[in-house]
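Attaching a single structure in structure tokens format; questions to follow.
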Amino acid sequence: MVRSVSNHVARSILSCDTPQPEHDLRTRMLLVVEQFLNGLQFGLLLFLLAAGLTLVFGIMDLVNLAHGSLYMMGAYFAATFVAWTGNFLLGAVLALAATLLLGIVLEFTTLRHLYGRDHLDHVLATFGLILFFNEAVRLIWGPAGLALPLPAWLTVPVAILPGIYYPAYRLAIIVVALVVALLLYLGVMRTRVGMLIRAGASNREMIGALGINIKLLYTLVFGLGAALAGLAGLMQAPILTVQIGMGENILILAFVIIVIGGIGSIRGAFLAAIFVGIIDTMGRAFLPNLLRQMLSSAAASTAAPALSSMLIYLVMAIVLVVRPEGLFPANRRFIRKRAATCSY
Amino acid sequence: MFVLTLFTRIVILVLAAASLNLIMGYGGMMSFGHAAYLGIGGYAVGILAQEGFGSGFLQFPVALAASAIYALVIGALSLRTRGVYFIMITLAFAQMAYYVASGLARYGGDDGLTVYKRSDFGGLINLSNRTQFYYLCLACLLGVVFLIWRIVNSRFGMVVQGLRSNEQRMQAIGFPAKRYKLVCFVISGTLCGLAGALLANNTDFVSPAVMYWTRSGDLMVMVILGGMGVLFGPVVGAVAYLLLEELLSQVTEYWALIMGPLLLLVVLFGRGGIMGLLGRLNRG
């Protein structure tokens with residue numbers, strides 16, 4: 001019923017590129033490189049999602065379960081606008097703008113009233129929003145999934161190294177996500193708004209007291225997070241079917257990432273996202289074969305799918321045992337102080 | 001007939017919500033993975049039934065023990081964290097359980113497992129008789145609520161509630177905070193495992209979907225809707241939630257379109273849930 005996103009990714013790649021037995025080391029190396037790139041691409045997409053989540057949590061202290069819904073809306077907007085305009089890029093830009101707008105409206109109408117409330121209230125309220133969005137999508141677009149076809153110029157394979165081909169679209173995802181990550185980094189570290197965002201993350205009351213329009217800043221940050229989620233959704237859309245509930249599976253992965261990376265830390269989210277993307281994709285691709293060499297074939301085919309989907313959760317459990325605050329906590333002193341004053 | 005099945009389902013889910021209330025309301029541990037126990041209890045019954053062990057005297061203890069062991073492991077790891085990390089790690093572990101169940105090819109995998117024969121309690125009680133089964137569930141629920149009442153008012157329960165309000169202070173007095181919380185977590189998980197075993201008998205079916213994270217969300221909503229840390233809060237909350245769901249789904253196919261905003265309104269304006277609201281009305 002519900003499948004993890006990368007499962008499709010790994011499977012679609014494997015089916016078109018199954019290594020023949022007589023193939024040598026080179027073919028196997030090719031497969032490893034390809035899966036590595038797939039993992040990187042998936043990880044970067046996860047980063048776009050996790051960055052918004054971690055920003056919103058770090059600055060507004062808001063747990064937003066509906067972040068996955070914004071990802072889903074991005075994909076649905078893209079499918080609609082691309083079909084409407086007939087132009088992939090134009091449709092994508094419109095979808096991005098629509099998600100940004102939706103995020104701002106959402107913040108303005110509901111989420112704004114949740115700041116400063118208990119985390120449990122956030123969970124409950126945004127859970128309600130998920131129900132609402134899923135049902136609204138079913139009402140507007142129907143229960144069946146949509147497909148977002150790629151333009152011809154994005155479907156050709158590109159030679160990344162002599163003799164190694166990789167789909168242009170996946171390469172484009174990697175490039176776009178890296179550029180966005182870089183812009184995000186520069187924006188947060190080098191601009192005045194970024195400075196305010198960082199100041200807001202470390203002490204909200206103080207920057208309000210210094211005369212900064214904190215409400216506007218919050219709306220801006222939430223809109224940014226929504227746009228990032230929408231971007232991830234619309235870029236993932238051509239690879240998968242656009243369907244209801246697509247945001248929920250990937251949202252959990254984003255949660256795992258921000259827990260591993262340390263809540264509130266963009267750098268942590270970036271590293272953890274790439275790590276999770278690669279572990280997940282490579283695990284799904286190579287764990288079955290690996291197990292088959294160690295166990296009997298029947299036992300391996302039972303254990304492999306379960307184990308490969310468990311892999312990242314196991315990694316998260318290990319990280320939490322070793323470093324309960326995540327690998328790169330945003331500001332150790334601050335988090336510890338807040339943890340001490342938390343009532344639960 | 002339909003009403004009886006519906007009410008059996010409600011009673012079972014009330015049981016699950018009551019077990020969640022023990023850790024969430026009294027213990028202050030916001031578990032977002034409570035549906036995992038529903039699945040574990042259910043799969044214990046389903047798998048044993050498929051392997052030819054039809055006796056309820058075996059199935060139910062195994063279901064409880066499996067839930068307790070899972071809760072012990074998960075709790076020992078999760079309780080190292082707090083706050084929003086705890087919410088997320090319990091969520092992630094429940095998802096892990098969900099994927100494990102989806103990978104159980106021998107037991108139906110994604111499609112789930114049909115329980116062809118309900119738990120056999122010899123001549124004691126016949127679970128296939130809907131009325132008898134309903135009263136069994138009701139008796140379990142009353143027993144569990146009574147148990148939780150006793151726990152909450154015992155020395156142990158006082159310590160756990162003390163930990164909720166101020167963990168540092170309790171530790172300073174000399175209580176081993178983590179051990180108390182872990183025991184509470186395990187008790188709650190075990191009770192929810194009982195609900196899972198009953199649920200599998202009620203639907204004659206168990207699938208990974210009962211462990212999906214939205215189900216954990218449902219349970220949380222029931223507890224919060226009724227009022228956290230109030231003995232009968234989850235009872236009121238779960239009955240209200242499930243009846244509302246049933247009613248709305250008869251009015252329109254798109255019932256969640258109304259349910260979602262309704263939850264939002266409850267959070268924004270109805271602090272303390274339904275029980276809190278009743279309390280305020282009483283006080284005028």
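Sort through B:Leu38, B:Leu4, B:Leu22 and tell me the only one that's touching a residue at least 12 places away in the same chain (Cβ under 8 Å) and surrounded by fewer than 22 Cβ atoms within 10 Å (Cβ to Cβ).
B:Leu4
Given the residues A:Val221, A:Val242, which is the only one that is farther than 21 Å from A:Leu154 by Cβ, modelled with pLDDT of 85 or more and β-branched (Val, Ile, Thr)?
A:Val221
Of A:Leu307, A:Leu327, which residue is surrounded by fewer than 18 Cβ atoms within 10 Å (Cβ to Cβ) and either touching a strand residue (DSSP E or B) at 6+ places or on another chain (Cβ under 6 Å) or among the aliphatic types (A, V, I, L, M) (or both)?
Only one candidate passes the filter, namely A:Leu327.
Assuming B:Ala240 fulfils every condition listed in (1) touching a Phe, Trp or Tyr at 6+ places or on another chain (Cβ under 8 Å); (2) over 21 Å from B:Ile87 (Cβ atoms) apart from one, which condition is it?
Condition (1) is where B:Ala240 drops out.
Answer yes or no: is there a residue in the stretch A:80-94 that is buried (at least 20 other Cβ atoms within 10 Å of the Cβ), more than 7 Å from chain B (Cβ to nearest Cβ), of a type in the set (Ser, Thr, Tyr) and closer than 19 Å to A:Gly247 by Cα.
no
Does the stretch B:67-77 include one or more residues that are facing another protein chain (nearest Cβ under 10 Å), more than 16 Å from B:Gly196 (Cβ to Cβ) and at pLDDT 90 or above?
The answer is yes, given that some residue of the stretch B:67-77 is facing another protein chain (nearest Cβ under 10 Å), more than 16 Å from B:Gly196 (Cβ to Cβ) and at pLDDT 90 or above.
Kindly indicate the residue of the stretch B:41-60 that is touching a residue at least 60 places away in the same chain (Cβ under 8 Å) and either within 14 Å of chain A (Cβ to nearest Cβ) or of a type in the set (A, V, I, L, M, F, W, C) (or both) and also farthest from B:Gly108 (Cα to Cα) among those meeting that condition.
Only one residue fits best here, namely B:Phe57.
Kindly evaluate A:Ile258 against the criterion of being facing chain B (nearest Cβ under 10 Å), buried (at least 21 other Cβ atoms within 10 Å of the Cβ), under 15 Å from the mean Cα position of the chain (by Cα) and not polar (S, T, N, Q).
In short, yes.
I would also like to ask the following. Take the stretch A:115-156 and flag every residue that is assigned to a helix (DSSP H, G or I), modelled with pLDDT under 90 and farther than 30 Å from B:Met88 by Cα.
A:Ala152, A:Trp153, A:Leu154
Select from the stretch B:179-212 the residues that are polar (S, T, N, Q) and part of a helix (DSSP H, G or I) and write down the one among them that is surrounded by the fewest Cβ atoms within 10 Å (Cβ to Cβ).
B:Thr203
Just the residues that are surrounded by fewer than 23 Cβ atoms within 10 Å (Cβ to Cβ) and either at the interface with chain A (Cβ under 10 Å from one of its Cβ atoms) or among the aliphatic types (A, V, I, L, M) (or both), please, taken from the stretch B:213-234.
Listed by number, the residues that qualify are B:Thr214, B:Asp218, B:Val230, B:Leu231.
Go through the residues of the stretch B:238-257 one by one and say whether even a single one is surrounded by fewer than 21 Cβ atoms within 10 Å (Cβ to Cβ) and under 14 Å from A:Phe127 (Cα atoms).
Scanning the stretch B:238-257, I find at least one residue that is surrounded by fewer than 21 Cβ atoms within 10 Å (Cβ to Cβ) and under 14 Å from A:Phe127 (Cα atoms), so the answer is yes.
Also, I was wondering about something else. Residues in the stretch B:137-161 that are surrounded by 15 or more Cβ atoms within 10 Å (Cβ to Cβ) and farther than 21 Å from B:Gly189 by Cβ: how many?
Counting residues in the stretch B:137-161 that are surrounded by 15 or more Cβ atoms within 10 Å (Cβ to Cβ) and farther than 21 Å from B:Gly189 by Cβ gives 1.
Among the residues of the stretch B:225-266, write down those that are in a helix (DSSP H, G or I), under 21 Å from A:Leu114 (Cα atoms) and in contact (Cβ under 8 Å) with a residue 12 or more places away in the chain.
B:Leu225, B:Gly226, B:Met259, B:Leu262, B:Leu263, B:Val266 - these are the residues of the stretch B:225-266 that are in a helix (DSSP H, G or I), under 21 Å from A:Leu114 (Cα atoms) and in contact (Cβ under 8 Å) with a residue 12 or more places away in the chain.
Do any residues in the stretch B:91-109 that are on the phi > 0 side of the Ramachandran plot have Cβ atoms under 6 Å from those of residues that are in a helix (DSSP H, G or I), where the two are at least six apart or on different chains, and which pairs are they?
B:Gly109/B:Ser102
Related question: For the stretch A:116-129, which residues satisfy the criterion of being over 16 Å from A:Gly58 (Cα atoms) and more than 7 Å from every other protein chain (Cβ to nearest Cβ)?
Listed by number, the list holds a single entry, A:Thr126.
For the subset of the stretch B:25-35 comprising residues that are part of a helix (DSSP H, G or I) and crowded, with 24+ Cβ neighbours inside 10 Å, which member is modelled with the lowest pLDDT?
By that ranking, first place goes to B:Gly25.
Kindly indicate the residue of the stretch B:267-284 that is outside any loop (DSSP other than H, G, I, E, B) and away from every other protein chain (no Cβ under 14 Å) and also nearest to the chain's Cα centre (by Cα) among those meeting that condition.
B:Met275
Which condition number does A:Leu124 fail, the rest of (1) among the aliphatic types (A, V, I, L, M); (2) without any contact (Cβ under 8 Å) to a residue 40 or more places away in the chain; (3) surrounded by fewer than 18 Cβ atoms within 10 Å (Cβ to Cβ) being met?
(3)
Working carefully through the options A:Ile244, A:Ile279, A:Ile274, find the one that is closer than 25 Å to A:Gly145 by Cβ and surrounded by fewer than 24 Cβ atoms within 10 Å (Cβ to Cβ).
Being closer than 25 Å to A:Gly145 by Cβ and surrounded by fewer than 24 Cβ atoms within 10 Å (Cβ to Cβ) holds for just one of A:Ile244, A:Ile279, A:Ile274, which is A:Ile244.
Working carefully through the options A:Met195, A:Met206, find the one that is farther than 25 Å from A:Ala66 by Cβ, part of a helix (DSSP H, G or I), touching a helix residue (DSSP H, G or I) at 6+ places or on another chain (Cβ under 8 Å) and without any contact (Cβ under 8 Å) to a residue 40 or more places away in the chain.
A:Met206
So, one more: Which members of the stretch A:197-213 meet the condition of being surrounded by 20 or more Cβ atoms within 10 Å (Cβ to Cβ) and hydrophobic (A, V, I, L, M, F, W, C)?
A:Ile197, A:Ala201, A:Ile207
The values are calculated or read from the model by the stated rules, or taken from the named source; none is laboratory data. Because the structure is a prediction, the values reported are computed rather than measured. A quick note on method: Cβ atoms are made from the backbone with ideal geometry, for glycine too, and the neighbour counts reach across all protein chains shown.
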